[in-house]
Each structure stands twice: as C-alpha cells, then as structure tokens.
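This report concerns only the one structure given below.
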Amino acid sequence: MAIIDCGTNTFHLLMVETEADALQRKIFNTRFPVKLGEGAINMGFIAAAPFERGIAALRQFNAYIQVHKADKIIAFATSALRDASNGKDFAEQIKRELNIELQIIDGDREAELIYLGNRQALPLSKDVSLIMDIGGGSTEFILANDTEILWKQSFNLGAARLLQRFNPSSPIKKEELDQIKKYIKDNLDPLYEAVKKWSPAEIVGSSGAFDSVVEIIHGELGGEELTLEKTGYSIDLKQYETISALIKNADLIQRKQIKGLTPMRFDMIVISFILIDFILKEFDLKVMRVSTYSLKEGAYFDFISKQAK
C-alpha cells in the first residue's frame, strides 16, 4: 500500500505491507521539499514554479510505486491545495497523467488522521493531550485522550504562511517576534476556549518540525537520537529552551551550522519554534512528547481499521 501526503512544504510517500499488524513493515519512505506555498500562499493560488515542482514530485513517487508494485494508493492534499484557486487543477492533472486520485481534505479530516497517527506512535492516557501539528499552510490542534478526540481545529497558521506574511529579519528582531506572537494569539480564540474546558496535561508534537526538536537536541546537546525504530520521545523542556534560543538568535548562515537541523527546514524553523514556544508558555504546559507519526501513518491505520470491519 502506498500513502501520499501532499503537504504545503513537503510531499511524503510511505509504502507499507498491509498484512503486518502495525507499521513495522515499512517498505519504502521518502519525502520531497516542494514548497508549494512559495510566493503566493497568502494570495490563494499555487504559483507556476511550485505547481510544477509538486507535479514532478508525484511523477517520481509514481515511479517508486511502480517499482514496488503497490496494490493500493491513497493520496491526500492539505492546506495549500485546499485553499488554492488552482488546487483542483493540480488534482485533475495528477489524475489525468498518473491516474492517482488526490483527495483534497478539509482541516477536520486532516486533524482526525493526525490524531490516529499520534495515538499509534505513543501511548496516550485518560488525561487530555494537546496534539500540535505544524504544517507549511496550517497548524492543527487536537485535544484528545487514548480513546477519542474531544476537540479539533485547523488554523491557517502554518510556518510558510507566517514566514511570507511577516518576512522577519535574520536573526529575528524582538519587535518582529512580538508582532508574530500577537498575530498568533489573535487567531487562536477557539483554542483558548477549548483548553480552558479540557485542561490538557501535555503537548504532543506531531512529526515535522517536532522531529527537528529531537534531532537538534541530539546533535547539539547529546540527547536521544531519532531512529526509525522508535516512534515516541520525551523532551526535556530545559534542553528545548536551550535549542529554541539557539534557533531564534541565529541568522541563516548560523542556522545552517546547527547540528541536526535539516536543510529543508533552514528557513521555516524559526517560525515553528515561535509557535511551539507560544503554546508552551501561553497554556503553561510542563510536559512535551514527540510523535514521529502524523497524517500518512494515521491514514494507514484508518484504512486498515475500516477494512477490518
């Protein structure tokens, strides 16, 4: 089975043997940094160059799928394509050229799949967790426990969207940081109400930028290494604060020297850390864990569970 996740910054391909009980039989896993939102994400369309990058990535994915002879392909597109006036054109070209049916899903469905992935990656409890998934176009927040989603919402507060809106200096200036934090706060009213109602005990960071948290703590501070075998990590918040300060105080050249920071995140990582910092402080969360599973793994478990019924 092949699962494709067409995110705003990155396209992911995961191929899995579906007869396995869990995601232990990964056959192939890759990603392409397409940056679909480049230049025009806040104007509501995909510009020509990123549009073609996205098509090219899916052509390559399709070649991998043919080599591995996948029986089933499930493909999802999220924030950039659902908000773009030419998102439907993109999906139609993929259908016409590659015969892949690209589902452009809404924020609720995206949040649901993210929850399913996170729940498989690490043990949730009866206590409420605040799951956070930072994308390029949107950020999803899910309040949930081990059995159900209590509340979920997708906000157009993705790293690419905020980066283009504010275009901060490198390193970011205090007044720019304050401006971004105010904008985040002004756009999260429903989350404030939900947190007040459900009182989460922790933040669970869903893959993406949160993988970078693990990798940078490992690279710079000797923390635990991110491996394919392990899907859940506990984060020491003092170590997190150290690397957050490192990221925010660095210019682009300095960020390129940070151990554990992958090139595809050099430009957007500052915004991601601002978002994480804001949520930790604003809701006084003292526990952080990271799930290496997200939407594509959630889509796999969703498909398998429906097949079993």
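The values are calculated or read from the model by the stated rules, or taken from the named source; none is laboratory data. What you see is a predicted model; the values in this text were computed from it and never measured. All Cβ positions, even for glycine, are placed from backbone atoms using ideal geometry, and neighbour counts span all protein chains on display.
Of everything in region 153-176 that is out of contact with any Asp or Glu (no Cβ under 8 Å at 6 or more places or on another chain) and part of a helix (DSSP H, G or I), the residue that is surrounded by the most Cβ atoms within 10 Å (Cβ to Cβ) is ALA159. Just one of the listed residues (THR292, THR231, THR262) is over 24 Å from LYS35 (Cβ atoms) and of a type in the set (S, T, N, Q), and it is THR231.
Yes or no: HIS12 touching a strand residue (DSSP E or B) at 6+ places or on another chain (Cβ under 6 Å), closer than 22 Å to SER154 by Cα and outside the structural domain of ARG289 (by TED's automatic domain parsing)? Judged against the criteria, HIS12 is a match. Only a single criterion out of (1) modelled with pLDDT of 95 or more; (2) touching a helix residue (DSSP H, G or I) at 6+ places or on another chain (Cβ under 7 Å) is not satisfied by GLY137, namely (1). LEU124 meets all of the listed conditions (1) part of a helix (DSSP H, G or I); (2) of a type outside the set (S, T, N, Q); (3) farther than 21 Å from LEU157 by Cβ but one, namely (1). The sole residue among ILE274, ILE253, ILE258 that is more than 17 Å from TYR115 (Cβ to Cβ) and surrounded by 21 or more Cβ atoms within 10 Å (Cβ to Cβ) is ILE274. Entry remark, region 195-235: residues being assigned to a loop (DSSP other than H, G, I, E, B) and free of Cβ contacts under 8 Å to residues at least 60 places away in the same chain number 6 in total. None of ASP71, ASP89 is part of a helix (DSSP H, G or I), surrounded by fewer than 16 Cβ atoms within 10 Å (Cβ to Cβ) and acidic (Asp, Glu) except ASP89. Summed over region 290-309, the residues that are more than 15 Å from the chain's Cα centre (by Cα) and not aromatic (Phe, Trp, Tyr) give a count of 7. When ILE279 is tested against (1) within 30 Å of MET15 (Cα to Cα); (2) among the β-branched types (Val, Ile, Thr); (3) under 20 Å from the mean Cα position of the chain (by Cα), only condition (1) is not met.
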